[in-house]
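To keep things clear, I will list the structure first and then write my remarks on it.
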Amino acid sequence: MRLPLALCLAALGIIDSVLAASSSTRNTHRPDALPPEPSSSDELSRRAKTAANITVPLPPSRAPSSPPSPVPTSMDLSISYALSDSCLLYLTTVLSSTTLQSCLPLSLLLTTSTSYASLLSASLAQGDLTKINQLVAYTASPSPGTDTCDKYFAGVLSALDAKGNCAGDLAQAKAVALDAQLGVGNYKLIREASTITNPDTGKYCYLEALASTAPDDLYLWSLPSGTPLPGTSKPTCSKCSSLLLNHYSESLDATTTLNGTILQNAINVVNAQCGASFAALSTTSKSGAARRDWVDWRLMLGIVLAGGWSLV
């Protein structure tokens, strides 16, 4: 007996948010967790003042035993009636799993969580990244253990493509199923990336990118979700940029959801600015799937509310 769609949604408190009709209102080249491009010198000045007031803390000396409250939820506004019954039931089962919740996948939070976007928006507006810092520290070393979480998500990725789960939805390129596949498949990649610290400051590179006056370094964090690096962007030639790109490169063979073509193109753009040896693709490129235009729009709703950002 198939579980009715409405019951699945009501049981987990999940709301349909496939608002593709609104996607035409945004710049489709913005990465997942970034506000729109500034439209004036005044906006650039406002952005710089906001970033100047953001405090980036050092990572905690010990990994937190639990994430800060309230805990953001993966795919909290992403489940759609457009999914097949079998895929919807499988995803709701996965999302309600205590293992997924305790592993707290940053890869899914970055791309599918409006509650994370709201937390990030509030943190940026307040100029205080303490909660984000604690959250990243926990996701990097979750309480079930990294091996347990890595194996769990590898199993979910394999099961996701099963005929009785989401195989048909993936074959039809249904957005939510593809979002889930990317977020689950990139779990270990992003968990390890989140541990990267700036050798000069000792602070998480991800947080320093968030606090930057320009969004370019954050584009690098959106590469695993299939968002190409714009050719006009100028990520900093920092140790963080080099460490992150080389981490992606070294992880390419083991990460089937990482798009090698997008990664290679990004490395080419960055190396053109920073030198040919700044980053290198150390394995054979895989084409992978590019991000759909509308996917990052829903996270912008939370991020653009941060102090100093403008919707114009």
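Each reported figure results from applying straightforward, stated rules to the coordinates on display, with no laboratory input. The structure displayed is predicted, hence computed values, not measured ones. Here the Cβ positions follow ideal geometry from the backbone for every residue, glycine too, while neighbour counts run over all protein chains shown.
Observations, loosely collected:
- When the C-alpha to C-alpha distance is required to be over 25 Å, the pairs from LYS131/LYS203; LYS151/LYS234; LYS203/LYS234 that qualify are LYS151/LYS234.
- Potential lengthening between ALA63 and THR146 on full extension [0.36 nm per residue; Cα-Cα distance subtracted]: 28.7 nm
- When each of the peptides 204-216, 231-243 is scored by how many other beta carbons lie within 10 Å of its residues on average, the order from highest to lowest is 204-216, 231-243.
- Efficiency of FRET between GLN126 and GLU192 - r from beta-carbon atoms, R0 35 angstrom, step 0.05: 0.75
- Listed peptides 271-280, 184-193, 137-146 by packing density, highest first (mean Cβ within 10 Å): 184-193, 137-146, 271-280
- Extension gain, ASP161 back to SER97 (0.36 nm per residue minus Cα-Cα distance, nm): 21.2 nm
- The spacing between the stretch 108-164 and the stretch 168-211, judged by their C-alpha centroids, is 8 Å.
- Taking a ≥ b ≥ c as the square roots of the eigenvalues of the alpha carbon gyration tensor, the stretch 128-178 is oblate, as a/c is not under 1.5 and a/b does not beat b/c.
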